[in-house]
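The values are calculated or read from the model by the stated rules, or taken from the named source; none is laboratory data. As the structure is a prediction and not an experimental result, all values here were calculated from the model. Backbone-built Cβ (ideal geometry, glycine too); neighbour counts: all protein chains shown.
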């Protein structure tokens, strides 16, 4: 077993422990391995250990990886970075999930550019849950309205909501933010959107996110190591 595979197995064990402690069914939380800035060879190693869902932030870098890993037919690509207007076609043609929709225009472009022979693109509305000026996402009070508009578009399926919790927050504040996300998902369901996803929780706050209802956690450094952004 390689070091990356060892890291991956350790994260899987931590996730299973978090599910158990939260009284959640085993396997109810989906692990998205965040592979941004790491080479395709690293993704292949973790894939060989059993992982299928991978998250990428940088569209051009990710596109190259889809080419290198085209022989892995059941790999599932999650776009978890901002999608600029000139990159929507690539995303619409190659992604399975987009977690970062925060503008109706972006959703409209993704819908229009999704190939008709492909299943609907699964999307989450990104919520700026802490109101941080340096983060993307819609304000919490606008999230449900945007999700309802996006849900009307063909070729997309609104699966739920995504957030990046405040990095400097203490546990009490993190819990408040995660619980607000759960409340927003409840509102979205009450509005008639069959959403079931809360994409929240990363390497540092994963157990708390699971305790607060996360269905997808996005784990990068605990699997792949620290990133060197050059």
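On the basis of being crowded, with 21+ Cβ neighbours inside 10 Å, under 14 Å from the mean Cα position of the chain (by Cα) and in a loop (DSSP other than H, G, I, E, B), does residue 201 make the cut? Yes. Might you let me know whether segment 148-163 holds any residue that is part of a helix (DSSP H, G or I), under 20 Å from residue 212 (Cβ atoms) and either touching a strand residue (DSSP E or B) at 6+ places or on another chain (Cβ under 9 Å) or modelled with pLDDT of 95 or more (or both)? No, because not a single residue in segment 148-163 is part of a helix (DSSP H, G or I), under 20 Å from residue 212 (Cβ atoms) and either touching a strand residue (DSSP E or B) at 6+ places or on another chain (Cβ under 9 Å) or modelled with pLDDT of 95 or more (or both). For residue 145, the stated conditions do not hold, so it cannot be described as farther than 18 Å from residue 34 by Cα and in contact (Cβ under 8 Å) with a residue 12 or more places away in the chain.
Residue-by-condition table, conditions (1) under 23 Å from residue 20 (Cα atoms); (2) in contact with a helix residue (DSSP H, G or I) (Cβ under 7 Å, 6 or more places away or on another chain); (3) in contact (Cβ under 8 Å) with a residue 40 or more places away in the chain:
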residue: 171; (1), (2), (3): yes, yes, no
residue: 175; (1), (2), (3): yes, yes, no
residue: 183; (1), (2), (3): yes, no, no
residue: 190; (1), (2), (3): no, no, no
residue: 201; (1), (2), (3): yes, yes, no
residue: 208; (1), (2), (3): yes, yes, no
residue: 220; (1), (2), (3): yes, no, yes
residue: 224; (1), (2), (3): no, yes, yes
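Suppose the filter is outside any loop (DSSP other than H, G, I, E, B) and either under 30 Å from residue 168 (Cα atoms) or modelled with pLDDT of 95 or more (or both); does residue 70 pass it? The answer is no for residue 70.
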